[in-house]
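Scroll down for the structure; my scribbles are underneath it.
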Amino acid sequence: MQGNTTVVRPDFWNGKRVLLTGHTGFKGSWMSIWLKEMGADLTGFSLTPPTSPSLFDDARVAEGMRSIIGDVRDLSHLVSVFEEVKPEIVIHMAAQPLVRESYKLPVDTYAINVMGTVNLLEAVRLTPGVRSVVIVTTDKCYENREWFWGYREDEAMGGYDPYSNSKGCAELVVSSYRRSYFHPDRYAEHKVAVASARAGNVIGGGDWADDRLIPDIMRAVMEGRPVHIRSPYATRPWQHVLEPVGGYLLLAERLYTEGAAWAEGWNIGPRSDDARNVESIVRSICDNWGDGASFEIDSAPQPHEAGYLKLDISKIENRMNWHPVWRLPVTLAKTVDWYKRYTANEDPREICLSQLNDYIRDSKETLY
Ligand SMILES: NC(=O)c1ccc[n+]([C@@H]2O[C@H](COP(=O)([O-])OP(=O)(O)OC[C@H]3O[C@@H](n4cnc5c(N)ncnc54)[C@H](O)[C@@H]3O)[C@@H](O)[C@H]2O)c1
């Protein structure tokens, strides 16, 4: 028997006081746009946009929300913002999210990703009224065994490079804070439910980060030069940015409405046959773009990155009835469509809103 997948409910989010860290980034901009569309009372806390151009500026994300520029390493600033905003729901996305950057800046990466998470949870602990907390980590938090099976939520944390390892450490911080201060067995006393979410590589319009596959491809094709790709055989669970963003929203809603039963780690990823290697992604994007877009493989030695990475999403599919909405070909087509419309000078905010509406429509029609 088939049924409909669980979808994000605007009536739940309307009027909710939400504090989102990382709102000036790629995922944070998409999430802010979605939350504002649903009428959430949204506050963002982040450093300035990490890229130029940025989706945050191009899509005028700061309009219609409270946008606070601050550093998650600054505990007293974070606590004062929590005291003022009194959030009911907290979604923590602020991070140094790039593997290569983490090799150059390991101390900053650990300070932001690990101590930033400690500070965030400390602010939650010190602020009465927070009910639901989602900490965003990554599929790279698992100890990578270079095997072909997907990682499950109860597998060991690890991470080879400083970024992956810092996210494994952030997961351990979440686990300790949950057991020490927000234990599910004592939920009736504290009323705070804390979960972590481990998503795969996201793609979609408006990403301009350095050293990330889609922005690297888009910069090259827009300039009419061949795309240089490293690690062509690295396999990742690719998904459209709206997939994890929707998953985080659903998780936050469950934590708010049902509490302790959802206070654990959750994988959010594509169907297993949508995990593909880099070369196949680049080939599809060049085909979608047309205009003679082509690629070359860069054979220079590269710093270590995981070769094979897959997530097992059985838990969230079975328990939450969350399912991926867009398969890989749709994800790639939507991504190319975003950048094509951008280069044709369409308003980035309107492009995001129209793709968000498509996604919401398709999610209501997704059967499992
Ligand atoms: N993009 C992906 O493929 C992917 C995959 C898995 C997990 N993630 C995770 O999702 C989250 C968002 O990633 P993204 O791709 O949007 O990254 P991004 O670089 O576009 O955004 C990062 C955000 O964090 C903020 N930030 C960085 N350092 C900060 C600090 N010290 N204090 C306050 N804010 C700070 C930035 O200002 C920005 O708003 C991150 O936690 C990342 O690790 C991303």
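How many residues does the range 259-281 contain that are among the charged types (D, E, K, R) and in a strand (DSSP E or B)?
Start the filter on the range 259-281 by keeping residues that are among the charged types (D, E, K, R), which leaves 264, 271, 273-274, 276, 279.
In the following step, the residues that additionally are in a strand (DSSP E or B) were identified as 276.
The total comes to 1.
Here ARG219 meets the list (1) under 18 Å from the mean Cα position of the chain (by Cα); (2) in a helix (DSSP H, G or I); (3) closer than 20 Å to VAL336 by Cβ almost entirely, failing just condition (1). Residues that are of a type in the set (Asp, Glu), in a helix (DSSP H, G or I) and open to solvent by 20 Å² or more (accessible area, probe 1.4 Å) within the range 138-193 comprise ASP185, GLU189, listed in sequence order. Looking for something in contact (Cβ under 8 Å) with a residue 12 or more places away in the chain, over 16 Å from TRP208 (Cβ atoms) and open to solvent by 50 Å² or more (accessible area, probe 1.4 Å) - is there at least one such residue anywhere in the range 38-54? The answer is yes; a qualifying residue exists. Can you name every residue in the range 108-136 that is under 18 Å from the mean Cα position of the chain (by Cα) and of a type in the set (Val, Ile, Thr)? Of everything in the range 108-136, those that are under 18 Å from the mean Cα position of the chain (by Cα) and of a type in the set (Val, Ile, Thr) turn out to be THR109, ILE112, VAL114, THR117, VAL133, VAL134, ILE135, VAL136. The sole residue among GLY205, GLY259 that is farther than 30 Å from TRP149 by Cβ and within 15 Å of the ligand (Cβ to nearest atom) is GLY205. Of all the criteria given as (1) in a helix (DSSP H, G or I); (2) under 30 Å from GLU155 (Cβ atoms); (3) at pLDDT 95 or above; (4) not β-branched (Val, Ile, Thr), the one not satisfied by TRP326 is (1). Being within 28 Å of ILE203 (Cβ to Cβ), near the ligand (Cβ under 9 Å from one of its atoms) and touching a Gly at 6+ places or on another chain (Cβ under 7 Å) holds for only one residue in LEU55, LEU47, and it is LEU55. Between ALA306, ALA293, ALA344, ALA333, the distinction of being open to solvent by less than 50 Å² (accessible area, probe 1.4 Å) and over 21 Å from the mean Cα position of the chain (by Cα) belongs to ALA293 only.
Restricting to the range 88-99, and then to whatever is part of a loop (DSSP other than H, G, I, E, B) and within 10 Å of the ligand (Cβ to nearest atom), can you tell me which residue is surrounded by the fewest Cβ atoms within 10 Å (Cβ to Cβ)? Reasoning before the result, please.
First, the residues of the range 88-99 that are part of a loop (DSSP other than H, G, I, E, B): 88, 93-98.
Filter once more, so that each one left must be within 10 Å of the ligand (Cβ to nearest atom): 93-98.
On the way: MET93: 24, ALA94: 28, ALA95: 25, GLN96: 20, PRO97: 24, LEU98: 18.
Ranking the candidates gives LEU98 first.
Just to be sure, is SER102 assigned to a helix (DSSP H, G or I), open to solvent by 10 Å² or more (accessible area, probe 1.4 Å), on the phi < 0 side of the Ramachandran plot and of a type in the set (Gly, Ala, Ser)? Lay out the reasoning, then the answer.
Details: assigned to a helix (DSSP H, G or I): yes; open to solvent by 10 Å² or more (accessible area, probe 1.4 Å): no; on the phi < 0 side of the Ramachandran plot: yes; of a type in the set (Gly, Ala, Ser): yes.
No, not satisfied.
Cβ separations smaller than 7 Å between residues 6+ apart or across chains give the following pairs from the range 237-258 residues that are part of a strand (DSSP E or B) to residues that are of a type in the set (S, T, N, Q) and within 11 Å of the ligand (Cβ to nearest atom): PRO237/ASN201.
Test VAL118 against the stated conditions and say whether it is in contact with a Leu (Cβ under 6 Å, 6 or more places away or on another chain) and either within 25 Å of LEU172 (Cβ to Cβ) or open to solvent by 10 Å² or more (accessible area, probe 1.4 Å) (or both).
Details: in contact with a Leu (Cβ under 6 Å, 6 or more places away or on another chain): no; either within 25 Å of LEU172 (Cβ to Cβ) or open to solvent by 10 Å² or more (accessible area, probe 1.4 Å) (or both): yes.
Taking the combined requirement at face value, the residue does not satisfy it.
Checking the conditions here, which among ASP273, ASP298, ASP287 is surrounded by fewer than 20 Cβ atoms within 10 Å (Cβ to Cβ) and in contact with a His (Cβ under 8 Å, 6 or more places away or on another chain)?
Values: ASP273 fails: in contact with a His (Cβ under 8 Å, 6 or more places away or on another chain); ASP287 fails: in contact with a His (Cβ under 8 Å, 6 or more places away or on another chain).
So the residue among ASP273, ASP298, ASP287 that is surrounded by fewer than 20 Cβ atoms within 10 Å (Cβ to Cβ) and in contact with a His (Cβ under 8 Å, 6 or more places away or on another chain) is ASP298.
Just one of the listed residues (GLU83, GLU122, GLU63) is of a type in the set (D, E, K, R), modelled with pLDDT of 95 or more and either within 12 Å of the ligand (Cβ to nearest atom) or within 22 Å of LEU251 (Cβ to Cβ) (or both), and it is GLU122.
For the structure I just gave you, tell me whether GLY28 is within 17 Å of GLY204 (Cα to Cα), within 13 Å of the ligand (Cβ to nearest atom) and of a type in the set (Gly, Ala, Ser). Yes.
The values are calculated or read from the model by the stated rules, or taken from the named source; none is laboratory data. Please read these numbers as outputs of a predicted model, since none were measured by experiment. Note: ideal-geometry Cβ built from the backbone for every residue, glycine included; neighbour counts use all protein chains shown. These accessible areas exclude ligands, DNA and RNA; they are computed on the full protein's heavy atoms, side chains included. Shrake-Rupley method; radii C 1.70, N 1.55, O 1.52, S 1.80 Å.
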